[in-house]
Amino acid sequence: MSQESVRPSLMGPPPSASGRRDAQRNATRVLDAASTIVGRCGAKALTMDAVADQAGVGKGTVFRRFGNRAGLMAALVDHIERDLQERFMTGPPPLGPGAPPLDRLLAFGAARLEIVAAQGPLMIEIGDVGRRFDVPAHTLALTHVRLLLRALEVDGDVELLASALMAPLDPALVALQRERGMSLERLVAGWHDLVRRVVRVR
């Protein structure tokens, strides 16, 4: 199965050629600083002033790169999820290429739930549901699930089925389920059961 031919940008549009290296370095510093602030004080403590101070850059640099706080939050989620993206695109099986599509799909859900369980509050902080669904990380994950379903030759509207399988991985839903006492192991088992029902494998 071929991988996605075009990977969504994780940190916004590329800078001009003359300042590409410095701009990329500054963007990484800003995202690392934002991650530090969130880890230390929570998502609500993340402000453009705070992240600029932590990163040692001017506030204008942060605004030019990310636009506003919502843009920074969305980029930070992508930054945090990069490890998962690399693992399912190029990493070892069963999450990465080389395993059967069903094994990859099951591994993806488990890995995604681990990320959501750890970073859910930050993901929720991005804002409204439409905004969360529009970030590159979600687009890439949805494309990955859709390609795996097609490789499994699943009947029906694969586009909608992929969205349906992504729904139980939504940070707000996972946070609510965890508050109600559902363990991560239970959520993973439930997602595996749902996948097997969709692809009609027991």
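The residue of region 40-86 that is modelled with the lowest pLDDT, among those that are more than 18 Å from Ala23 (Cα to Cα) and assigned to a loop (DSSP other than H, G, I, E, B), is Gly42.
I'd like to know if region 106-122 contains one or more residues that are assigned to a loop (DSSP other than H, G, I, E, B) and under 21 Å from Leu184 (Cβ atoms). Before the answer, list the steps.
As a first pass, look at region 106-122 and keep what is assigned to a loop (DSSP other than H, G, I, E, B): none.
Checked region 106-122: no residue is assigned to a loop (DSSP other than H, G, I, E, B) and under 21 Å from Leu184 (Cβ atoms).
Hey, does region 24-31 have a residue that's small (Gly, Ala, Ser), surrounded by fewer than 21 Cβ atoms within 10 Å (Cβ to Cβ) and not assigned by TED's automatic domain parsing to the domain that holds Leu113? Talk me through it step by step, then tell me what you get.
Step one: filter region 24-31 for residues small (Gly, Ala, Ser), giving 27.
The next check asks that each one be surrounded by fewer than 21 Cβ atoms within 10 Å (Cβ to Cβ); those that pass are none.
Looking for residues that are small (Gly, Ala, Ser), surrounded by fewer than 21 Cβ atoms within 10 Å (Cβ to Cβ) and not assigned by TED's automatic domain parsing to the domain that holds Leu113, one finds none in region 24-31, hence no.
Note on region 80-103: residues that are in contact with a helix residue (DSSP H, G or I) (Cβ under 6 Å, 6 or more places away or on another chain) and farther than 30 Å from Ala27 by Cα total 2. For region 16-39, a tally of residues being more than 24 Å from Met89 (Cβ to Cβ) and either among the hydroxyl-bearing types (Ser, Thr, Tyr) or at pLDDT below 50 (or both) returns 3. Restricting attention to region 179-202, which residues are surrounded by fewer than 16 Cβ atoms within 10 Å (Cβ to Cβ), under 21 Å from Met123 (Cβ atoms) and in contact (Cβ under 8 Å) with a residue 40 or more places away in the chain? Of everything in region 179-202, nothing turns out to be surrounded by fewer than 16 Cβ atoms within 10 Å (Cβ to Cβ), under 21 Å from Met123 (Cβ atoms) and in contact (Cβ under 8 Å) with a residue 40 or more places away in the chain.
The values are calculated or read from the model by the stated rules, or taken from the named source; none is laboratory data. These numbers were taken from a predicted model, which means no experiment stands behind them. Note that each Cβ is placed from the backbone with ideal geometry, even for glycine, and that neighbours are counted across all protein chains shown.
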